[in-house]
Amino acid sequence: MNMDQNIIYFITGNIHKYNEISAFFNKENLNYVLKQKNIKTIEVQAESIKEIALYKLESIKGQVNGSYFIEDAGFFVDTPLNGFPGVYSSYVMKTLGNKGILRLIDDFEKTQAHFTSSIALYFKPLDKNLIFEGDVYGRVSKTIRGSGGFGFDPIFLPNVMPDSTFAELTTDEKNKISHRGKAWRKFTKFLKENTI
Ligand code: ITT
């Protein structure tokens, strides 16, 4: 067997996302080796994280040998911002940041929020694009708390652990309940059922 067949590339420029996924990978006895590759992908504006993920995957077609995946995530403040920043999460993180989000919703007592993750995989043995999704629901914290995680983690309180922000959890704790963790478990199930 060609050794290259057992490598799966995670195409990302975000080391935090890579570290979370690689923590999962190392725990499972998968017949694959994970490698990070940072290739410029095209991020279109679309209505859903899933559409963005599939487009991003298509945008690097022909540039990687073997199987590869990308992951796209978004943070949605459902109450009171009707889902904003959602598909604009990267841009809003760079411009407003967590402080800016908290300022926008300062007057509201009741908040609802969620993260969504879409892993889009090009699986070479089947010559197919596949998608695995996960989400996690919670609230927005009144203050920025915790030093772990990244992005919007310091302001997100998951419903299943409502006293801690994602940034106050260890990577393992976050992985057990996160959007990325849920998408990841579907992805792993597929890889186990389709071992080459
Ligand atoms: P890629 O190179 O993989 O595209 P990215 O940093 O552009 O990395 P996304 O588009 O998936 O990542 O993420 C959109 C924004 O949401 C970005 O600002 C992230 O910091 C943030 N984000 C993504 N996943 C998160 C998570 O698990 N917790 C907190 N914030 C997250």
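The values are calculated or read from the model by the stated rules, or taken from the named source; none is laboratory data. All values derive from a computational prediction rather than experimental measurement. Ideal geometry is used to build each Cβ from the backbone, glycine not excepted, and the neighbour counts take in all protein chains shown.
Give the residue that is surrounded by the most Cβ atoms within 10 Å (Cβ to Cβ), with candidates limited to residues of the range 63-81 that are away from the ligand (no atom under 15 Å from the Cβ) and in a strand (DSSP E or B).
The residue in question is 67.
Find the residue count for the range 36-55, including only residues that are near the ligand (Cβ under 9 Å from one of its atoms) and either farther than 18 Å from residue 130 by Cα or under 15 Å from the mean Cα position of the chain (by Cα) (or both).
Looking only at that region, the number is 5.
Residue 148 passes all but one of (1) assigned to a loop (DSSP other than H, G, I, E, B); (2) out of contact with any Pro (no Cβ under 7 Å at 6 or more places or on another chain); (3) more than 15 Å from the ligand (Cβ to nearest atom); which number fails?
Single failed check for residue 148: (3).
Examine the range 20-30 for a residue that is surrounded by 16 or more Cβ atoms within 10 Å (Cβ to Cβ), at pLDDT 95 or above, assigned to a helix (DSSP H, G or I) and touching a strand residue (DSSP E or B) at 6+ places or on another chain (Cβ under 9 Å), and state whether such a residue exists.
There is no residue in the range 20-30 that is surrounded by 16 or more Cβ atoms within 10 Å (Cβ to Cβ), at pLDDT 95 or above, assigned to a helix (DSSP H, G or I) and touching a strand residue (DSSP E or B) at 6+ places or on another chain (Cβ under 9 Å).
Condition check ((1) more than 16 Å from the ligand (Cβ to nearest atom); (2) more than 23 Å from residue 10 (Cα to Cα); (3) without any contact (Cβ under 8 Å) to a residue 12 or more places away in the chain) across all residues:
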site: 100; (1), (2), (3): no, yes, yes
site: 105; (1), (2), (3): yes, yes, no
site: 108; (1), (2), (3): yes, yes, no
site: 115; (1), (2), (3): no, no, no
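Is it true that residue 131 is surrounded by fewer than 20 Cβ atoms within 10 Å (Cβ to Cβ) and either in contact (Cβ under 8 Å) with a residue 60 or more places away in the chain or not in a loop (DSSP other than H, G, I, E, B) (or both)?
For residue 131, the condition - surrounded by fewer than 20 Cβ atoms within 10 Å (Cβ to Cβ) and either in contact (Cβ under 8 Å) with a residue 60 or more places away in the chain or not in a loop (DSSP other than H, G, I, E, B) (or both) - is met.
Residue-wise test of (1) closer than 26 Å to residue 7 by Cα; (2) among the charged types (D, E, K, R).
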residue	(1), (2)
139	no, yes
157	no, no
178	yes, no
184	yes, no
